[in-house]
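The values are calculated or read from the model by the stated rules, or taken from the named source; none is laboratory data. This is a predicted model, so every value here is computed, not measured. All Cβ positions, even for glycine, are placed from backbone atoms using ideal geometry, and neighbour counts span all protein chains on display.
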Amino acid sequence: MKFGALTFEVLATVAQPLGERVLLASVGPVIGAVLGTGLIGLIVWKITDRVQSERTAANIALERRRADRTLETQLRMDVLTSAFSIAGRLYLECNMFMRTKNDSSIPPDERIKARNALDKQYVECRATSMVLQARLEAIFVSDGPAIEWHRVDDLLTVRYMRITDQASDRLYEINAKGFGGKPHSGLTKEELKYDGTIIANYHLAMKELTKLMLTSEVVGVNSTV
């Protein structure tokens, strides 16, 4: 029994290369004499197989965590790129239209083309904006990214309506903060009547949106891993 205890104590170190060398060099002959080389080999193989299995499981878990983080990063970058693409196109189209509208030297037909281009861009951006908001609601645990994107969308909508002379009191009302108990554009009805205020808050909203998209927890992924 004494030799049996020594056997398992020594074999427990086989997981490490040094332990294996000690086993073979120091006590191999003693244990071999007591138990026989065949049994020793079987015990060594069992312990080695168990250690290898544990290492394999740890590697698999690590690879899964890495895959989760890679997927998480891809999702964040994908929605962030979509947000800047949608908002940026409409924002720039509004700027181009305003330059055309305010330049009296531009022929009427060019003004019409600029207006048509803006109208087309607005329709496209509105459609893709709704899809993006749904994705943000599905991807992130927090409502923050979706709410902030809605703010951006409202600001750009009001700006488009204002510069194309389609704004109304009702438009300002439904896009003002607090309407229906929601933040919407984050501005009051009066603040929405000034293009400079809308533009300044648009840039602030995009900055906040970026931060939220990069830091908010993704559904099904532990961001602390």
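State the number of residues belonging to segment 169-203 that are outside any helix (DSSP H, G or I) and either closer than 10 Å to LEU155 by Cβ or among the small types (Gly, Ala, Ser) (or both).
6
Looking at segment 172-186 only, could you name the residues that are under 17 Å from CYS94 (Cβ atoms) and touching a Ser or Thr at 6+ places or on another chain (Cβ under 8 Å)?
Scanning segment 172-186 gives a single hit, ASN175.
Scan segment 129-148 residue by residue and report those that are touching a residue at least 12 places away in the same chain (Cβ under 8 Å) and in a helix (DSSP H, G or I).
First, the residues of segment 129-148 that are touching a residue at least 12 places away in the same chain (Cβ under 8 Å): 129, 132-133, 135-136, 138-142, 144-148.
Within segment 129-148, SER129, LEU132, GLN133, ARG135, LEU136, ALA138, ILE139, GLY144, PRO145, ALA146, ILE147, GLU148 qualify.
How many residues does segment 123-148 contain that are over 23 Å from GLN74 (Cβ atoms) and in contact with a Ser or Thr (Cβ under 8 Å, 6 or more places away or on another chain)?
1
So in segment 107-123, with the set limited to residues that are surrounded by 12 or more Cβ atoms within 10 Å (Cβ to Cβ) and not charged (D, E, K, R), which one is farthest from THR81 (Cα to Cα)?
My answer is ALA114.
If a residue has to be among the β-branched types (Val, Ile, Thr) and either under 27 Å from the mean Cα position of the chain (by Cα) or loosely packed, with under 15 Cβ neighbours inside 10 Å (or both) to count, how many in segment 183-197 make the cut?
Matching residues across segment 183-197 total 1.
Looking at ARG151, ARG126, can you tell me which residue is at pLDDT below 95, surrounded by 15 or more Cβ atoms within 10 Å (Cβ to Cβ), in the same structural domain as LYS113 (by TED's automatic domain parsing) and part of a helix (DSSP H, G or I)?
ARG126
If LYS207 satisfies every condition in (1) surrounded by fewer than 20 Cβ atoms within 10 Å (Cβ to Cβ); (2) in contact (Cβ under 8 Å) with a residue 12 or more places away in the chain; (3) not in a loop (DSSP other than H, G, I, E, B) but one, which is the exception?
(2)
Regarding GLY144, is this residue in the same structural domain as ARG99 (by TED's automatic domain parsing), under 14 Å from the mean Cα position of the chain (by Cα) and surrounded by fewer than 20 Cβ atoms within 10 Å (Cβ to Cβ)?
For GLY144, the condition - in the same structural domain as ARG99 (by TED's automatic domain parsing), under 14 Å from the mean Cα position of the chain (by Cα) and surrounded by fewer than 20 Cβ atoms within 10 Å (Cβ to Cβ) - is met.
Take LEU132 and decide whether it is surrounded by fewer than 18 Cβ atoms within 10 Å (Cβ to Cβ) and either closer than 18 Å to SER82 by Cβ or assigned by TED's automatic domain parsing to the domain that holds MET96 (or both).
no
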